[in-house]
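One structure below.
The values are calculated or read from the model by the stated rules, or taken from the named source; none is laboratory data. Every value quoted in this text rests on a predicted model; they were computed, and no experiment measured them. Cβ sites come from the backbone with ideal geometry, for glycine too, and all protein chains shown count toward neighbours.
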Amino acid sequence: MLESVKIARRQSEIRQSLAELSAKATPTEDEVRSMGDLDREYRQNETRYRAALIAEDTERRDAGEELETRSAQEWAELMAGFEMRQVALALDEGRQLDGQTAEIVTELRSAGGFRGIPVPWQALEMRAGETVSTGTPAPSQIRPIIERLFPDSVATRMGTQMISIDRGAVEWPVTTSAVSAGWANGEGGNVAGPTAYETANKALAPDHNLGIQMRITRKTLQQSGGALEQAVRRDMNGAMGVELDRAIFQGSGADGQPLGVISGAGTYGIQVTAVDAPGLWKAFRAGVVRFMNNTTASSPSDVKALIRPELWDFMEDVKASDAGPMWEFDRLVRALGAQNVTMTSNALAVPAGDPLSVSSLLTTRAGGVAPIFVGSWGAMDVIRDPYSDAQSGGLRITALATMDVTVARPKQLQVLTGLQLALAG
């Protein structure tokens, strides 16, 4: 413990003792003597405290970053030792969990609500190596932030914020008021009156359960730990990532699915603009201008665009007539930035209509608020099915995750529809 902290605690004890003694109407000689001793010690400690702060200042600067990130590093190192192989063998053979895997499972199980073995979301992170025996390479550090669980996820690249929730429904207050300033009209005039600070609560409720089922053969169970570890993690990571991307944007809101951002644009209050024209940079430019006028985005580079590969193919085949030797897609990338244009065949509906048309989504995180919230409740619940593959000696497991989607601020999103994949005429 730092010396300054020890002194500060002692000063607090002295103040408490002095308060008790001074409250006595007729203190004894010993109590009067004690008050004098405590007073002298308090004054001496003040000098020692200032000296300790000066001495520790250099140490704090040198170790500042390490002290601030130590807890996150310790958690990441603990998560790095979690082995999916142990979970599979515990479900199949009843083998006892040990090491860091057992410690993490015990901690998660203390929260309750699991029928099987709880598996933390961070365990799905793809790793370069595994701690399967002594002397093997250490795994790469696990990134402890939930939103980085699927680094290639379309939702992540479009600015979605993933939120970990222990239990119950959670509401996130988001500012909806537009506080404005005003000039005083002449000498002695009043400035603009106070504007109410208003918020709207965006609720996330544990109403939607996503499940994936995995079939692990007996041969797979006999393979080396690293092979099984990577196979389970890769399959769960891929299946969860693909379905989450689809549901976040195209979820129907029925049959147990959450209501997606694009399919539920009317419900969420998101602006939908029917372009009904060739999907060229001109159409996007008009959409970006409307978008910037309604948000705090200060430049096109603050805007992210989600498009279908078919639209990219069309724009790459149309040469800009008024921009020299440049294609229409080049103009889009030049304005928004390559990192802000994301292509997907999963999160947007397939081309339809005559002529074929697609939709696009514009988002922004300007102002520091994510446009979309995705809540995940606790860890994944991994449950064994002991009957389906009993004859072949295999193992069938089901992983259940409770998730929900909501839009933080509708003005931070805009849907463009009717982007045609053919030139007019």
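Summary table below
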{"read-out": "Residue in segment 217-225 that is assigned to a strand (DSSP E or B), modelled with pLDDT of 75 or more and surrounded by 12 or more Cβ atoms within 10 Å (Cβ to Cβ) present", "value": "no"}
{"read-out": "Members of segment 103-116 found to be part of a loop (DSSP other than H, G, I, E, B) and over 15 Å from residue 397 (Cβ atoms), listed by number", "value": "110, 111, 112, 113"}
{"read-out": "Residue among 404, 354 that is modelled with pLDDT under 90, surrounded by 21 or more Cβ atoms within 10 Å (Cβ to Cβ) and acidic (Asp, Glu)", "value": "404"}
{"read-out": "Residue satisfying condition, being surrounded by 14 or more Cβ atoms within 10 Å (Cβ to Cβ), among the hydrophobic types (A, V, I, L, M, F, W, C) and farther than 29 Å from residue 258 by Cβ, within set 329, 373", "value": "329"}
{"read-out": "Residues within segment 287-297 that are in a loop (DSSP other than H, G, I, E, B) and either over 15 Å from residue 340 (Cα atoms) or touching a His at 6+ places or on another chain (Cβ under 6 Å) (or both), tallied", "value": "2"}
{"read-out": "Number of the exception - residue 315 against (1) under 15 Å from residue 411 (Cβ atoms); (2) in contact with a helix residue (DSSP H, G or I) (Cβ under 8 Å, 6 or more places away or on another chain)", "value": "(1)"}
{"read-out": "Count of segment 78-121 residues which are surrounded by fewer than 17 Cβ atoms within 10 Å (Cβ to Cβ) and polar (S, T, N, Q)", "value": "3"}
{"read-out": "Residue ID - nearest to residue 123 (Cα to Cα), chosen from residues in segment 354-381 that are of a type in the set (Gly, Ala, Ser) and in a strand (DSSP E or B)", "value": "379"}
{"read-out": "Index of the failed condition, residue 397 passing every other in (1) under 24 Å from residue 305 (Cα atoms); (2) touching a Lys or Arg at 6+ places or on another chain (Cβ under 7 Å); (3) among the hydrophobic types (A, V, I, L, M, F, W, C)", "value": "(1)"}
{"read-out": "Matching residues in segment 382-398 - criterion: being surrounded by fewer than 21 Cβ atoms within 10 Å (Cβ to Cβ) and either at positive phi or assigned to a strand (DSSP E or B) (or both)", "value": "383, 384, 385, 393, 396, 398"}
{"read-out": "Qualifying positions in segment 93-102 - more than 21 Å from residue 401 (Cα to Cα), out of contact with any helix residue (DSSP H, G or I) (no Cβ under 6 Å at 6 or more places or on another chain) and either part of a helix (DSSP H, G or I) or modelled with pLDDT under 80 (or both)", "value": "93, 94, 99"}
